[in-house]
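Novice: Please see the structure below; I have some questions.
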Amino acid sequence: MSSTKSNDKNIFALVDCNNFYVSCERVFNPFLINQPIVVLSNNDGCIIARSNEVKALGIPMGAPFHHYQHTLLQKGVQIYSSNYQLYGDMSERVMNSLKIFSPDVEVYSIDEAFVKFKYSNRRNYYEYLRTIKNSIFQWTGIPVSVGLGPTKTLAKIANSLAKKSKIEHIYDLSSPSTQIETLENIQVENIWGISKRWGAKLRLIGIGNALQLRNASPQKIRKYLGVVLERIVYELRGVSCLDIDQIQPRKNIMVSRSFGNPINNLTDLEQAISLYAVRACEKMRSQSSRAQTVYTFLRTNSFSKKNKQYSAGIMSGFNNPCSDTGYILNIVKKNLSQIYKEGYLYHKGGVMLVDLVPDNVHQRNLFERYDYQRSDSRMSAVDGINRKFGPGTIFYAAAGLKKDGDWQSRTHHLSPRYTTKWGELPHAY
DNA sequence: TCTGGGGTCCTAGGACCC
DNA sequence: TCTGGGGTCCTAGGACCC
């Protein structure tokens, strides 16, 4: 690495929302503050967010809801279905708030972001992080934890320590001496990018904590485990290998769900899968892309021991990149009837739009000239109306006629979409 | 009864070409 | 009969993330 002048150096903060889904629910229902709450995955299947009170009860992340339902009710835990409209909107507010502090923000997931700053040894970063944290809370109502380090990997580690420090939720890992003290207490499996399998391999060669990995030979690590791990070694040393990624369009877009109840007929499957295809197409157009291929798949419940198992999928390429819902729906339905076999209980299915390209690139097929104009104006009219008057105002008959199919996700504990004006009213319960 | 839904990157190996 | 060596592209699958 060439020597970088200190005034060229950067520093990274990782800002992570505390118990994000739970915090979103609390913003609009202050009664929930200090109450134990869980938020469930689609279909009310797993526990995917827990308030601190619930974590203290020893309820694990990702656990099947039905295993703990009894305990949760007994302890008076408030239970919520996922409300992604609400969480997505709150996420956007947090991210926009961060951009006030730096233009270099990478939205890493719905609840966390990296923020890059120019490094200056005269700046009091701890105070600055506190300002960020307090501002986000004041502007959005969402509490966050902030970790700081010279690389993204170290910022990640700092963040995990910030979350543990119950008082300030801030951890500054910018100084090399702090790094050395801290890394010794971080297990390799807890480093960003290293999970159980690689952790086990590292332990085989005597590397059990982050300090040992930092001190390992990058060349050897590369030879033994590959370039990704080598980068982590450098990152732990404070040599930045991973820069901020500005939001890039997705290369694939998938919409799939487990059905609320198993499906045993093609008609219901067509409705469900068509609905997912429509959603996928909307997502695709909202990032200004077109797909070159669509993948349609189906599967039975692999957890079930008594039912026959079957799983199938089919890829279809298009002649021209396509973003037209009607066209894609036709192909998906055709493919579905090809993979559908009678006599099975289907549990999950979905659609993936593959090999997305920007919609302004007209890499036309040599022999076929496709006129995008009519399709594009039709699609933008549909999207515009649905944006203005609410999702599903205009819909495809294939996907929407029977709105109450019993295959639809179970969401028995849904909160209102407080922030998205045109959302439907919540279920009464 | 009941077990989420998305994504990314890297590598090995096959197909194909000269 | 004998059957090289190197390059590129693509795909499937593995590993990881939230």
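The values are calculated or read from the model by the stated rules, or taken from the named source; none is laboratory data. Quick caveat, the model's predicted, so the values are computed rather than measured. Neighbour counts run over all protein chains shown; Cβ positions are idealised from the backbone, glycine included.
Novice: Pairs please, first residue from segment A:193-211 and under 21 Å from residue A:180 (Cα atoms), second anywhere and outside any helix (DSSP H, G or I) and within 16 Å of DNA strand B (Cβ to nearest atom), Cβ atoms under 6 Å, 6+ apart in sequence or on different chains.
Specialist: Listed pairs, sorted by first residue: A:210/A:191.
Novice: Still on this structure: Look at segment A:28-58 and say how many of its residues are away from DNA strand C (no atom under 16 Å from the Cβ), within 27 Å of residue A:256 (Cα to Cα) and touching a helix residue (DSSP H, G or I) at 6+ places or on another chain (Cβ under 8 Å).
Specialist: Of the residues in that region, 3 qualify.
Novice: Next question. Could you tell me which residue of segment A:298-331 is nearest to DNA strand C (Cβ to nearest atom), considering only residues that are in contact (Cβ under 8 Å) with a residue 24 or more places away in the chain and in a helix (DSSP H, G or I)?
Specialist: Among residues in segment A:298-331 that are in contact (Cβ under 8 Å) with a residue 24 or more places away in the chain and in a helix (DSSP H, G or I), the one nearest to DNA strand C (Cβ to nearest atom) is A:331.
Novice: Only one of (1) surrounded by 15 or more Cβ atoms within 10 Å (Cβ to Cβ); (2) without any contact (Cβ under 8 Å) to a residue 24 or more places away in the chain fails for residue A:66. Which number is that?
Specialist: Status for residue A:66: all satisfied but (1).
Novice: Which of the following residues is at pLDDT 95 or above and in the same structural domain as residue A:107 (by TED's automatic domain parsing): A:142, A:180?
Specialist: Going through A:142, A:180 in turn, just one is at pLDDT 95 or above and in the same structural domain as residue A:107 (by TED's automatic domain parsing): A:142.
Novice: Let me ask another. Show me the helices (runs of 4 or more DSSP H) found entirely inside segment A:157-249 where at least 2 residues are away from DNA strand C (no atom under 16 Å from the Cβ).
Specialist: Once the helices (runs of 4 or more DSSP H) in segment A:157-249 are filtered for at least 2 residues that are away from DNA strand C (no atom under 16 Å from the Cβ), what remains is A:176-183, A:210-214, A:218-225.
Novice: Among the residues of segment A:301-330, what is the count of those that are crowded, with 18+ Cβ neighbours inside 10 Å and either farther than 23 Å from residue A:280 by Cβ or out of contact with any Lys or Arg (no Cβ under 6 Å at 6 or more places or on another chain) (or both)?
Specialist: Counting residues in segment A:301-330 that are crowded, with 18+ Cβ neighbours inside 10 Å and either farther than 23 Å from residue A:280 by Cβ or out of contact with any Lys or Arg (no Cβ under 6 Å at 6 or more places or on another chain) (or both) gives 5.
Novice: Name every residue in segment A:237-258 that is near DNA strand B (Cβ under 8 Å from one of its atoms) and either of a type in the set (Lys, Arg) or over 22 Å from residue A:96 (Cα atoms) (or both), in order of residue number.
Specialist: Correct list: A:250, A:251, A:252, A:253, A:254, A:255, A:256, A:257, A:258.
Novice: Within segment A:32-116, considering only helices (runs of 4 or more DSSP H) that don't extend past its boundaries, which have at least 1 residues that are aromatic (Phe, Trp, Tyr)?
Specialist: A:65-74, A:84-98
Novice: Is it true that residue A:294 is among the β-branched types (Val, Ile, Thr) and farther than 18 Å from residue A:279 by Cα?
Specialist: So residue A:294 fails the test.
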